[in-house]
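**Q** Once you've had a glance at the structure underneath, I'll fire off some questions.
The values are calculated or read from the model by the stated rules, or taken from the named source; none is laboratory data. Just so it is clear, the model here is predicted, and its values are computed rather than measured. Cβ placement follows ideal geometry from the backbone for every residue including glycine, while neighbour counts extend to all protein chains displayed.
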Amino acid sequence: MIGVSTENSPPLGYEQARDELIEVVRRLEAGGITLEESLALWERGEELARVCQLWLDGARARLDAAMRQEEAATADLVEDEDED
């Protein structure tokens, strides 16, 4: 499904990506690392944020679809009752 993966690792789930992103931010905020390390962490953080957003967008799409189905089913019931 959605998630960053390498050839040897499975895609990240939302919670995994979020937790790793939290750790990346913590390390960046703590400082004490080289510029190169900071840039690598920032790049990883951007990648993880993108993964999280993809998961959230997918969840929103699923919820919207379920709500549309529920509304359509309710409308059908109301029409059936009106016809009786």
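**Q** Taking interchain pairs and intrachain pairs at least six residues apart, which have beta carbon atoms under 7 angstrom, with the first residue in segment 14-33 and without any contact (Cβ under 8 Å) to a residue 60 or more places away in the chain and the second outside any loop (DSSP other than H, G, I, E, B) and polar (S, T, N, Q)?
**A** Taking only residues 6 or more apart or on different chains, the pairs are Leu28/Ser38.
**Q** Could I ask something else about it? Taking the stated definitions as given, is Glu29 loosely packed, with under 10 Cβ neighbours inside 10 Å, acidic (Asp, Glu) and modelled with pLDDT of 95 or more?
**A** Numbers: loosely packed, with under 10 Cβ neighbours inside 10 Å: yes; acidic (Asp, Glu): yes; modelled with pLDDT of 95 or more: yes.
Yes.
**Q** I'd like to verify a number: residues in segment 33-84 that are surrounded by fewer than 10 Cβ atoms within 10 Å (Cβ to Cβ) and of a type in the set (Phe, Trp, Tyr), how many?
**A** Adding up the residues that qualify gives 0.
**Q** Something else now. Being free of Cβ contacts under 8 Å to residues at least 24 places away in the same chain and under 22 Å from Gln16 (Cβ atoms) is true for just one of Glu43, Glu47. Which residue is that?
**A** Numbers: Glu47 fails: free of Cβ contacts under 8 Å to residues at least 24 places away in the same chain.
Answer to the check: Glu43.
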